[in-house]
Amino acid sequence: MGDQVIRLGFRFAANLQQIHWEKIIENRKRYGVFSSLKDCMSRIKIPQEQLVHLIRMGAFDFTGKPRPRLLWEAFCYAPLSQSDPHQLFEPEIAEIPPLTIEDWPKTEYQYRELDYFGYPVTFDFFDLIPSIPPNRLSSQQMHTAPSTTVLMIGYLCARKPIQTRTGKLLQ
C-alpha cells in the first residue's frame, strides 16, 4: 500500500454494525491497540460476518498479512469469538494450516473498497479503466472537433436534463 495510508472511521463502513465498532473502540481505549487478528478475536466477541467486513475493509492490514490469509485465520480462530469471555483459559487453537495464496491483484482491493465505502478512498476511479482510448480529447480540445462523435470519460457530479427548442430532452 505504500507509506501514505488513509484511515476512515468505522462509521463509514457500509455493513459494519454500530454496536460492534463501539465495542472495538471501547476495548482499544481500555486495553490498548490490538497486536493481531487473534488478539482482537480473543478480546472482543464479534460475529464472524462482522469480522469478515473488518478484514475486507482493511482494518487488519497493519498485520502485514494479505487479506485472504486473514480471512483464513479468522475462520481458524472462530472458537475464540464464540468462547465465554469469563472463562479462565482461552480455547486451544490447533496450528493454523498453511495457506498458499498469492496477493490479490490491486483491482480486487479497489473493487472491495468501492463495495464497502461506496466511493474510492485510496485510488482514482480512472484507475479501473483498462485502457483509455488513444484518440481522446481533453475538455479544452472539444471545440476543435465540431460534429464529431467523441467518447467522454469523466466524473458525473450532477445531471441536469436539458430540453431542445423542439421540447425533446437532449441526449
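Dipole check for the range 1-67: with +1 at the C-beta of Lys and Arg, -1 at the C-beta of Asp and Glu, and the Cα centre as origin, the magnitude is about 160 Debye.
Give me the accessible area of VAL150, 1.4 Å probe, in Å² rounded to the nearest 10. Counting only protein heavy atoms, the figure is 60 Å².
Pairs exceeding a 24 Å alpha-carbon distance, out of LYS38/LYS106; LYS45/LYS106; LYS45/LYS65: LYS38/LYS106; LYS45/LYS106.
If R0 is taken as 45 Å, the Cβ-Cβ distance between LEU170 and GLU108 corresponds to a FRET efficiency of 0.70.
Per-residue 3J(HN,Hα) values for the range 118-127, derived from phi via the Karplus relation 6.51 cos²θ - 1.76 cosθ + 1.60 with θ = phi - 60°, read x, 7, x, 10, 9, 8, 9, 3, 5, 5 Hz in sequence order (x marks Gly and Pro).
Here r is the Cβ-Cβ distance between HIS143 and TYR31 and R0 is 45 Å; the resulting FRET efficiency, rounded to 0.05, is 0.10.
Between ILE153 and GLN17, the distance separating the two model label sites (each 7 Å from Cα on the Cα→Cβ line) works out to 4.2 nm.
The values are calculated or read from the model by the stated rules, or taken from the named source; none is laboratory data. None of these values were measured; they are calculated from a predicted model. Don't worry about glycine lacking a Cβ; one is built from the backbone with ideal geometry, like all the others, and counts go over all protein chains shown. Only protein heavy atoms, including side chains, enter the accessible area calculation; ligands, DNA and RNA are left aside. Shrake-Rupley method; radii C 1.70, N 1.55, O 1.52, S 1.80 Å.
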